[in-house]
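Working notes for the structure below.
The values are calculated or read from the model by the stated rules, or taken from the named source; none is laboratory data. Remember, predicted model here, so these are calculated numbers, not experimental data. Cβ: placed from backbone, ideal geometry, glycine included. Neighbour counts: every protein chain shown.
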Amino acid sequence: MIDIKQLSGGYEKTSVIKDVTLTIETGHFFALIGPNGSGKTTLVKLITGVLPIKKGTITIFEKSLHSYSALERARIIAVLSQEPQVEFDFHVEEIVMLGRYPHQKGLLKHISKKDRQIVDEVMKQTDVFQFRKQPFKSLSGGEKQRVLLAKALAQEPKILFLDEPTNHLDIKHTVRMLDHLKEYQRKHHLTIVAILHDLNTAALFADKIGLLNGGKLIETGELSLLQNENQLSDVYEVGIKTNFHPVIPKPQITVIPNQVKKENLGLEYELKQTDQSIHLTFNHPLRTISNGVLGEGLQWAKNFCNFHVKKEYNCSNPKEDIISWLRQAEISEYDTIGMMTAVNLKDMSILKETYEDVQIIAVITAGVGNAIDITDPSTVKQGYQIGTVNIMVFIDAHLTDGALVNAVQSVTEAKTKAFNDLQIKDAATCTIATGTSTDSTLIAATQKGDPTPYAGSGTVIGKGIGMSVYKAMIKAVQNYEKRRVQQL
Ligand SMILES: Nc1ncnc2c1ncn2[C@@H]1O[C@H](COP(=O)(O)OP(=O)(O)OP(=O)(O)O)[C@@H](O)[C@H]1O
């Protein structure tokens, strides 16, 4: 355990670190974050005894830092610093072996079999084994960094201090290095104190975080500290928005550049309609939430496509099919929401309405052949069948993520009301259907103006969505039914 109490210190003329009290638990990965010049390196230099303390105490494993001899300290502490590295005129293997020095015995510091084993092992872990016979000087910046980490690990420290350890590393080596360090941490109960500029790296790998600013420890604690947008924005003096990693439950941080363009927002679009597809293109990306075959979840998109397929379409890989059709039409799949329907696209219904200055456009194709009452347990159908209600709603407003979910709810309520009023029934149960088996919904917002957090039925936007979707649904189903009757 590292126990720091009321620590002040730094350089001869300036005491950079001011009254820092901090406990770092044994076996933790502690990330020290803070803007340039906030005192991170100075604090690490004080803890590792490189700089003298002016006030306060540092206790390491219940012993005052200053009661350790230099050799004792080297046996428990290793440092990978950011200082410009001396251009050692040694081979890689010799440099890594220097890490074993504090553990070697006698005046001549004999290299043992164990020393060789450990050096080989850490060189493999840091992916520098292949360079072991090469001169250190001949390596790239990232390769040198990995060799110096290998040297620090060869020291078998109990506490490892890292100053921007991933500075020169590419993404593969950054993740590899930190994964290895985490494994080391767990296996050897190693304490890691790392200065990290990349807050997302800190979020992925650290157990605890300390935020420094102006030489003071602003806050220390759990990863949730990285979700405090206001505090991070104040300290780093930049707009910050936090969210979650899409795969693992860790926060991720994004910065908002000042030059975000707000002009030309609005619902201007171009519509191309053929028998095969409906394609709406906007001149700027809209914030979207959808369960479309392509572009699901929260995204940004400029292109919105609804593709016609035959009723007997083989649904084994609909996403791949949509991508291939988009490529044929020279539309980028990366900013497109794609849906599919067996409905004749001429039956599409488009409705443009304005509710208290907010323009809303609803674009709907509705086939109700697979209508289902979701509340009846006897009607679970396996597989994917085309015969669907595809609803796209475009809103000229700024919706938060929560409001986008609200908007999906408003669409669903309006759709179900339309099913009810049109008396569309589940063929199996003869009860009123609530939707069809494969409905898709899209909400796309221009993000113009101030953010609005709600879009449910108690709001102008929610009501607007409800009324537009209801009216467009009725029209789309009527178009569909009329064609069906004509075809009989
Ligand atoms: N040798 C020195 N003598 C005097 N002042 C120094 C010295 N080294 C650093 N400082 C000052 O101490 C303050 C903190 O520097 P430090 O290097 O600890 O910050 P940091 O948080 O690690 O910054 P960065 O993120 O830029 O690496 C800065 O204002 C810096 O100018």
(request) Scan segment 161-170 and give yes if some residue there is in a helix (DSSP H, G or I), within 15 Å of the ligand (Cβ to nearest atom) and among the hydrophobic types (A, V, I, L, M, F, W, C), otherwise no. (result) no
(request) Scan segment 61-84 for residues that are in contact (Cβ under 8 Å) with a residue 60 or more places away in the chain, away from the ligand (no atom under 16 Å from the Cβ) and part of a strand (DSSP E or B) and report the count. (result) 2
(message) Against the definition (surrounded by 15 or more Cβ atoms within 10 Å (Cβ to Cβ) and free of Cβ contacts under 8 Å to residues at least 24 places away in the same chain), how does residue 232 come out, yes or no?
(response) no
(request) Of all residues in segment 42-53, count the ones that are over 19 Å from residue 191 (Cβ atoms) and modelled with pLDDT under 95. (result) 3
(message) Under 6 Å between Cβ atoms, which residue pairs at least 6 apart in sequence (or on different chains) link something in segment 32-45 that is of a type in the set (Val, Ile, Thr) with a partner that is near the ligand (Cβ under 7 Å from one of its atoms)?
(response) 42/10; 42/16
(message) Take the conditions among the charged types (D, E, K, R), modelled with pLDDT of 85 or more, part of a helix (DSSP H, G or I) and over 35 Å from the mean Cα position of the chain (by Cα) and apply them to residue 121. Does it pass?
(response) no
(request) Consider residue 58 carefully, then state whether it is hydrophobic (A, V, I, L, M, F, W, C), within 13 Å of the ligand (Cβ to nearest atom), modelled with pLDDT of 95 or more and closer than 30 Å to residue 226 by Cβ. (result) no
(request) Could you please find all residues in segment 1-43 being farther than 17 Å from residue 206 by Cβ, within 16 Å of the ligand (Cβ to nearest atom) and assigned to a strand (DSSP E or B)? (result) 4, 7, 8, 9, 17, 18, 19, 20
(request) Considering each of 455, 418, 476, 407 in turn, give the residue that is part of a loop (DSSP other than H, G, I, E, B), touching a helix residue (DSSP H, G or I) at 6+ places or on another chain (Cβ under 8 Å), in contact (Cβ under 8 Å) with a residue 24 or more places away in the chain and under 26 Å from residue 293 (Cβ atoms). (result) 455
